[in-house]
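As C-alpha cells, the structure follows; a few thoughts come after it.
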Ligand code: BEZ
C-alpha cells in the first residue's frame with residue numbers, strides 16, 4: 001500500500017518507460033519545475049482533448065522553466081498511436097514524454113488508484129481515479145494536487161496560473177487572492193509585519209489588519225539597480 005501523498009510530500013521517484021525513452025523521474029525533474037498529469041486509458045475522448053491542449057500550451061510552461069510529462073495506464077506503443085490522433089485532432093505537435101504505466105506502478109506510487117478497488121474491476125478495468133495533476137518544484141516537493149472526474153476536462157490555463165502564483169510567491173513574500181492572474185495585485189504574506197511591508201511594498205494597502213494588498217514590486221534590472 002503506497003503512502004498518501006500530500007502537499008509538501010517529496011514526489012516519489014520511479015523509473016519508467018516513456019514515449020521519449022526510459023527515465024528516472026528525479027533525474028528528469030533536475031532543476032526544473034514539473035507538471036505531471038495522468039490518464040487512465042489511451043484513446044479516451046476527454047483525455048485526448050486534454051493532451052492536445054497541454055501540447056499547445058507547452059511553450060508557455062517552458063518559458064517558466066516547467067517540464068510537462070503525461071502518464072497513461074497503457075503501453076508506450078499504444079501511446080504512440082494515440083499521439084498521432086491527438087495531434088491530428090488538436091493541431092498540436094505533442095513533444096513531451098508520456099509514461100507507459102500499464103502496470104499502474106506509478107499510479108499506485110502517486111496515490112491515484114481507486115482506494116475501494118485497486119483492480120478497478122468495478123469499472124471494467126479503467127481506473128477512473130488516474131486523472132490527477134501534480135505540480136512539483138525543483139526541490140521535488142509536491143506543490144499542487146488536483147484530481148478530476150473523467151467527465152470533466154482539465155483547464156490548462158488554471159495549471160499555468162497556479163505555476164505563476166507559486167513561482168511569484170517563492171520569489172516575493174506574497175500570496176495570491178481568488179482568481180488572481182499575473183498583473184493583478186497580490187496579498188502581503190501574513191508573516192510580513194507592516195513596518196517591513198513599507199520597505200518591501202511601498203504601495204501596499206491595508207484592507208483589514210489581516211488582508212493587505214499590494215502591486216508586485218517592479219523587477220530591479222542591473223540598469224536600474
Ligand atoms: C475520457 O473521456 O477521457 C475518459 C473516459 C473514461 C474514463 C476516463 C477518461
Checklist line | First in the stretch 40-62 and in contact (Cβ under 8 Å) with a residue 24 or more places away in the chain, second anywhere and near the ligand (Cβ under 7 Å from one of its atoms) and in a helix (DSSP H, G or I), Cβ under 8 Å, 6 or more apart | finding: 40/47; 41/47
Check: What single numbered condition from (1) within 16 Å of the ligand (Cβ to nearest atom); (2) assigned to a loop (DSSP other than H, G, I, E, B) fails to hold for residue 146?
Finding: (2)
Notebook entry, point to check: Which fully enclosed strands (runs of 3 or more DSSP E) of the stretch 25-100 have 2 or more residues being away from the ligand (no atom under 13 Å from the Cβ) and within 15 Å of residue 160 (Cα to Cα)?
Noted result: 33-39, 66-72
Next item on the list: Could you check residue 112 against (1) modelled with pLDDT of 95 or more; (2) within 16 Å of the ligand (Cβ to nearest atom); (3) in contact with a strand residue (DSSP E or B) (Cβ under 6 Å, 6 or more places away or on another chain) and say which number it fails?
Entry: (1)
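A quick yes/no check of all residues on (1) surrounded by 20 or more Cβ atoms within 10 Å (Cβ to Cβ); (2) touching a helix residue (DSSP H, G or I) at 6+ places or on another chain (Cβ under 9 Å):
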residue: 5; (1), (2): no, yes
residue: 8; (1), (2): no, no
residue: 42; (1), (2): yes, yes
residue: 54; (1), (2): yes, yes
Checklist line | Residues satisfying the stated conditions in the stretch 146-161, i.e. closer than 15 Å to residue 60 by Cβ and surrounded by fewer than 17 Cβ atoms within 10 Å (Cβ to Cβ) | finding: 155, 157, 158, 161
Margin query: Quick check on this structure: which one of 187, 178, 206 is outside the structural domain of residue 109 (by TED's automatic domain parsing), surrounded by fewer than 18 Cβ atoms within 10 Å (Cβ to Cβ) and not in a loop (DSSP other than H, G, I, E, B)?
Written below: 206
Checklist line | The listed residue being surrounded by 13 or more Cβ atoms within 10 Å (Cβ to Cβ), in the same structural domain as residue 24 (by TED's automatic domain parsing), touching a helix residue (DSSP H, G or I) at 6+ places or on another chain (Cβ under 8 Å) and more than 21 Å from residue 32 (Cα to Cα), out of 76, 98, 69, 113 | finding: 113
Next item on the list: Considering (1) in contact with a strand residue (DSSP E or B) (Cβ under 8 Å, 6 or more places away or on another chain); (2) in the same structural domain as residue 24 (by TED's automatic domain parsing); (3) within 19 Å of residue 52 (Cα to Cα), say which one residue 141 fails and leave the rest.
Entry: (3)
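The values are calculated or read from the model by the stated rules, or taken from the named source; none is laboratory data. These numbers were taken from a predicted model, which means no experiment stands behind them. Positions of Cβ are backbone-derived with ideal geometry, glycine not excepted, and every protein chain shown enters the neighbour counts.
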